[in-house]
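Each remark here refers to the structure printed beneath this line.
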Amino acid sequence: MKAAYTKPFLTATFIILADQIIKTWVRNHMYLGEQIRFLGSKGMLLYTENNGMAFGWELGGEGGKLLLTLFRIVAVVGIGYGLVYLIQHKYHRGLILNVALIFAGAMGNIIDSAFYGLIYNYAPVFQGRVVDMFYFPLISGTFPKWLPVWGGEPFEFFRPIFNLADAAISVGVIMILIYQKRYFKSEINEVSNLHSEVVEE
């Protein structure tokens, strides 16, 4: 059984370490707002910090920040418990791996929120800012004027600036949504069999 824990938790550990290494490098080698382009104008490192959730979303004020950080801690404990449960009950390996990605991403951003203020001496515990850096404005232009609400306004895809932790969470969630029938096949079959038995009775 111990071997079953190795791959998902090694994957999570690798992502957490890689996320923190990238954030530390960006914070120590770039200034806020600096760009390092590697795909011209379509892909770059853009050093930003935010007080809130993934992709720069925020809750206002210190109270909102504290609430968000505490919510993250509760959430990551719940995700960790769920990951252990899935491993113990031998769920689909793909599901386990994707939950490990979500766990790693949540943990990566908790480290920023909880400790970066203390580490970099700018805020008390739980008031740290999350470091973001990946920016891919692949498509930009202007909405046609005939379009309701947004007509004539500029648009950009992909606008959010994110980090490796955000990406891990997004990939994990998207993969679970795409392959949910495969991941939960046994549970679906059990429900179908139960339904058939009830109908027959």
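The values are calculated or read from the model by the stated rules, or taken from the named source; none is laboratory data. Model, not experiment: these values are computed from the prediction. Cβ: placed from backbone, ideal geometry, glycine included. Neighbour counts: every protein chain shown.
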Quiz item: Identify, please: which residue in region 126-142 is over 22 Å from the mean Cα position of the chain (by Cα) and not hydrophobic (A, V, I, L, M, F, W, C) and is, among those, modelled with the highest pLDDT?
Solution: T142
Quiz prompt | Residues located in region 1-16, provided they are aliphatic (A, V, I, L, M) and surrounded by 13 or more Cβ atoms within 10 Å (Cβ to Cβ) | solution = A4, A12, I15, I16
Quiz item: Taking region 105-125 as the search range and keeping residues that are aliphatic (A, V, I, L, M) and within 12 Å of the chain's Cα centre (by Cα), which one is surrounded by the most Cβ atoms within 10 Å (Cβ to Cβ)?
Solution: A106
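Any residue at all in region 192-201 that is in a loop (DSSP other than H, G, I, E, B) and modelled with pLDDT under 60?
Yes, region 192-201 has at least one match.
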Quiz prompt | Number of positions in region 17-47 that are touching a residue at least 40 places away in the same chain (Cβ under 8 Å), over 12 Å from F134 (Cα atoms) and surrounded by fewer than 12 Cβ atoms within 10 Å (Cβ to Cβ) | solution = 1
Quiz item: Just one of F71, F55 is modelled with pLDDT under 70, assigned to a helix (DSSP H, G or I) and either touching a Pro at 6+ places or on another chain (Cβ under 6 Å) or closer than 28 Å to L97 by Cβ (or both); which is it?
Solution: F55
Quiz item: Would a scan of region 143-150 turn up a residue that is under 25 Å from M44 (Cβ atoms) and at pLDDT below 90?
Solution: yes
Quiz item: Within region 79-96, how many residues are in a loop (DSSP other than H, G, I, E, B), aromatic (F, W, Y) and without any contact (Cβ under 8 Å) to a residue 60 or more places away in the chain?
Solution: 0
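The rows are residues; the columns are (1) in contact with a Phe, Trp or Tyr (Cβ under 6 Å, 6 or more places away or on another chain); (2) loosely packed, with under 15 Cβ neighbours inside 10 Å; (3) under 22 Å from I161 (Cα atoms); (4) without any contact (Cβ under 8 Å) to a residue 60 or more places away in the chain.
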position	(1), (2), (3), (4)
L67	no, yes, no, yes
V77	no, yes, no, yes
A100	no, no, no, no
F103	no, no, yes, no
K145	no, yes, no, yes
V149	no, yes, no, yes
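Taking region 153-178 on its own, how many of its residues are among the polar types (S, T, N, Q) and either assigned to a loop (DSSP other than H, G, I, E, B) or free of Cβ contacts under 8 Å to residues at least 40 places away in the same chain (or both)? Don't jump to the end; show me each part of the working.
Start the filter on region 153-178 by keeping residues that are among the polar types (S, T, N, Q), which leaves 163, 170.
Next, only the ones that are either assigned to a loop (DSSP other than H, G, I, E, B) or free of Cβ contacts under 8 Å to residues at least 40 places away in the same chain (or both) stay: 163.
So the count comes out to 1.
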